[in-house]
Structure formats: C-alpha cells, structure tokens
1. Just give me the residues in region 15-64 being of a type in the set (D, E, K, R) and exposed (fewer than 14 other Cβ atoms within 10 Å of the Cβ), in sequence order.
2. Within region 10-43, can you find the residues that are touching a residue at least 40 places away in the same chain (Cβ under 8 Å) and over 28 Å from Tyr83 (Cα atoms)?
3. Just checking, how many residues over region 98-132 are within 14 Å of Arg149 (Cα to Cα) and in a helix (DSSP H, G or I)?
4. Give the residue that is nearest to Leu94 (Cα to Cα), with candidates limited to residues of region 133-165 that are of a type in the set (S, T, N, Q) and part of a helix (DSSP H, G or I).
5. For region 141-148, does any single residue satisfy the condition of being more than 17 Å from the chain's Cα centre (by Cα), surrounded by fewer than 13 Cβ atoms within 10 Å (Cβ to Cβ) and over 23 Å from Asn2 (Cα atoms)?
6. Just checking, which of Gln100, Gln90, Gln75 is more than 15 Å from the chain's Cα centre (by Cα) and closer than 19 Å to Met122 by Cβ?
7. Given region 38-81, what helices (runs of 4 or more DSSP H) lie entirely inside it while holding 3 or more residues that are closer than 20 Å to Lys108 by Cα, among the polar types (S, T, N, Q) and in the same structural domain as Phe105 (by TED's automatic domain parsing)?
Amino acid sequence: MNKYIKFVIAALMIAAGVYLMMNRNIGWGIVVVILSAIPVFLFFKNEYILIAFWFLRKQNMAKAASWLTKINNYQSQLHKSQYGYYYYLQGLTLAQENPQKVEPFMKKALEYGLNMKHDRAMATLNIAAGAMQKGRRQEAIKLLEEAKRLDSAGMMTDQIKMMKDQLKMPSMQKHMHNPNMRQRGKFS
C-alpha cells in the first residue's frame, strides 16, 4: 500500500469521528478520532517491517523474509527513515543462508541510516565479517573497532572477540603445504 494512502485513511477516520460527534455519538466519535492515529503511526513505521522484526525476534527467518517480499517498491511504500531498516532486515534474513551476500545490504543500510546504535553495530559487524571473508584484514580490524565502539550495551562483545581471535590466526591458505610434495632441501 502506498504510504500516502494511510494519510487519506486517517483523514477519512477523523471526518467520520467528527460526523459521529455532530450526531450525538460523542463517545464513538472520540474513539474513531483516536484510532485515526494508527494509520499515521504506520506511515512512519511500516507494518511489514514491524512484522518482519517480530518474526526476526522469534528466530523465524523464513517468515521475516516472506513479509519483506511484500514490499514491492520500497520508495513508494516506506518513509525515508525506514529505507535503512529495509536493507538491514534483508541482510539479516540472508545472513544464515548466503553470508557472502549480506555485505552490500548492510552497506546500504548504513548509507541510508539506522536509528539505533546496536543496529549500526550489528551492520558494521556483518560488513567486517564480509571483509574478513574476502581477505581484507585491515578493513576488518577497523570495522571491528567501530562495532565495538557502537556496541555500548555490550550485546555483541562475544562475537567481536571471536572475530578478533579469527583475525589473529594465520591464514591457512598461505601457510598450508602440500603433503604429497617431497621434501626438497639441501640434504634431501
């Protein structure tokens, strides 16, 4: 549903509430006018994103992704403040199945802006994981430090510590030797 249709619905509800109050149904008129705040609230906080967050909290990624697919054109359906959360949720729902596809979604989420510090920390942590996976070690270290700074509540301390420990380990590809090769040395 287009985001501006919600304002039309709210205006119609206010008009119906005023009409009820004019016809001596003051109680019902007040109730309808108060209920007109719901479409205005849903203008700023999209219902599909709220439901996707609910299923994400319940660890049901498939249902969260299915609710996100109902947003066909995010620019006409969402308020600008919700663009970042749209990409953030897209990235989180892909994180378990395709971790290599998460990084561009999280970069776009940070580009559009996330309101909560822990959401920015999670997005930065996912970008750091993508950088670490692609071998960009220095970028991953900087991103982990930024995620640690953003994580003021300490909710991601264990994940950050685990990723830092992984960065300390030498890359197995650089130091792996072929066991089938003969030892060629000075005295072989």
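1. Listed by number, the residues that qualify are Arg24, Arg57, Lys58.
2. none
3. 10
4. Step by step, filter region 133-165, then rank; the result is Gln133.
5. no
6. Of Gln100, Gln90, Gln75, the one residue that is more than 15 Å from the chain's Cα centre (by Cα) and closer than 19 Å to Met122 by Cβ is Gln100.
7. 74-77
The values are calculated or read from the model by the stated rules, or taken from the named source; none is laboratory data. Keep in mind that this is a model prediction, so the values were computed, not measured. No Cβ is skipped: glycine too gets one built from the backbone with ideal geometry, and neighbour counts run over all protein chains shown.
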